[in-house]
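Colleague: I am attaching a structure below and will ask some questions about it afterwards.
The values are calculated or read from the model by the stated rules, or taken from the named source; none is laboratory data. Fair warning: this is a prediction, and the values are worked out from it, not measured in the lab. Positions of Cβ are generated from backbone atoms using ideal geometry, with glycine treated the same way; all protein chains shown enter the neighbour counts.
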């Protein structure tokens, strides 16, 4: 039976639906002793989930032994000349009555996979729950025969997929506040507050490094910001610039427009602007009209038909835009482009 006062959600931040599902799986799998595989991108907290699984189980009074794919770990004694299979047996013995975590099983050698597979199937040899972590592409490793299918299937029925931070943004404010509090205590200062706009900046970032990157950002902010409040500008200074990492041609049209408008708004922040709507519409209409007119050889009647506009309406719009010659561009357009 689970100890009733221990719940996975007491350890994991699970405000998001994605992490609530993870917490529910942890509680479910803690009831038994079947092997469990925890998958996810690097930095999502796979080992944390494994430790929570251990703490929420009847084996919590036993040892939690974590080893690398070579079965080397702080709790596993090593001897000169031993091989991975011998270390695997010692790791299983060290974790007896508790939990053995094997990290990055895609890197396990074939003999080590066989040794662990035999041990899991022989309950006399394996007196602990075996938990493994793997990247999200572990299925491809199985298809490529890097990971034995028989070995993988021992874990497949009890697989926990930890979502990346970008898919659990509802958890981000609590996670960030916790790490700010942690690092503030480490340096002996009072925890600074975090502005709403600073939280918005954090939520908009894609977090390729997941929770591990969030921890690093929190630490940097505690070190850099001496004021009692962390503002959006402070976050902007430490977050990597990622807007240019996605090629424009890979974005949907709406996303391209949003990206361009976001850059424009950032440049005009603090300056008086009163005609943004007309400016944006004009910037979209001009290349549209130029392309359609080029397609019709300059025939405005055909162009108006393609555009779904009255010919007189098209003519007036072209006059308002300064004509229809391809390549013509107003001076204020160049200023908006940042040229």
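Colleague: Could you please find all residues in the stretch 44-68 being over 19 Å from residue 23 (Cα atoms), in contact with a helix residue (DSSP H, G or I) (Cβ under 7 Å, 6 or more places away or on another chain) and in a loop (DSSP other than H, G, I, E, B)?
Modeller: Within the stretch 44-68, 63 is the sole residue that qualifies.
Colleague: Kindly indicate the residue of the stretch 73-102 that is part of a helix (DSSP H, G or I) and touching a residue at least 24 places away in the same chain (Cβ under 8 Å) and also farthest from residue 127 (Cα to Cα) among those meeting that condition.
Modeller: 84
Colleague: Another question, if that's okay. When you scan the stretch 247-268, do you find a residue that is in contact with a helix residue (DSSP H, G or I) (Cβ under 6 Å, 6 or more places away or on another chain) and either at pLDDT below 70 or not assigned by TED's automatic domain parsing to the domain that holds residue 313 (or both), even just one?
Modeller: Yes; the residues of the stretch 247-268 include at least one that is in contact with a helix residue (DSSP H, G or I) (Cβ under 6 Å, 6 or more places away or on another chain) and either at pLDDT below 70 or not assigned by TED's automatic domain parsing to the domain that holds residue 313 (or both).
Conditions tested, residue by residue: (1) closer than 23 Å to residue 13 by Cβ; (2) more than 21 Å from the chain's Cα centre (by Cα); (3) surrounded by fewer than 16 Cβ atoms within 10 Å (Cβ to Cβ).
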{"residue": "177", "(1), (2), (3)": "yes, no, no"}
{"residue": "180", "(1), (2), (3)": "yes, no, no"}
{"residue": "216", "(1), (2), (3)": "yes, no, yes"}
{"residue": "228", "(1), (2), (3)": "no, yes, yes"}
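Colleague: Further question: Taking the stretch 121-136 as the region of interest, how many residues are farther than 21 Å from residue 77 by Cα and either part of a helix (DSSP H, G or I) or in contact (Cβ under 8 Å) with a residue 12 or more places away in the chain (or both)?
Modeller: Selection size over the stretch 121-136: 5.
Colleague: Going by the structure shown, is residue 152 modelled with pLDDT of 90 or more, outside any strand (DSSP E or B) and in the same structural domain as residue 92 (by TED's automatic domain parsing)?
Modeller: yes
Colleague: If the requirement is being surrounded by 22 or more Cβ atoms within 10 Å (Cβ to Cβ), farther than 18 Å from residue 118 by Cα and at pLDDT below 85, which of these qualifies: 8, 30?
Modeller: Unique residue meeting the criteria: 8.
Colleague: Looking only at the stretch 105-113, decide whether some residue is within 20 Å of residue 30 (Cα to Cα), crowded, with 16+ Cβ neighbours inside 10 Å and assigned by TED's automatic domain parsing to the domain that holds residue 33.
Modeller: Checking the stretch 105-113: not a single residue is within 20 Å of residue 30 (Cα to Cα), crowded, with 16+ Cβ neighbours inside 10 Å and assigned by TED's automatic domain parsing to the domain that holds residue 33.
Colleague: Inside the stretch 114-141, can you point out the residues that are surrounded by fewer than 21 Cβ atoms within 10 Å (Cβ to Cβ) and over 23 Å from residue 62 (Cα atoms)?
Modeller: Passing the criteria: 114, 135, 136, 137, 139, 140, 141.
Colleague: Taking the stretch 94-118, which residues are out of contact with any strand residue (DSSP E or B) (no Cβ under 8 Å at 6 or more places or on another chain) and farther than 23 Å from residue 44 by Cβ?
Modeller: Those that are out of contact with any strand residue (DSSP E or B) (no Cβ under 8 Å at 6 or more places or on another chain) and farther than 23 Å from residue 44 by Cβ: 96, 97, 109, 110, 111, 112, 113, 114, 115, 117, 118.
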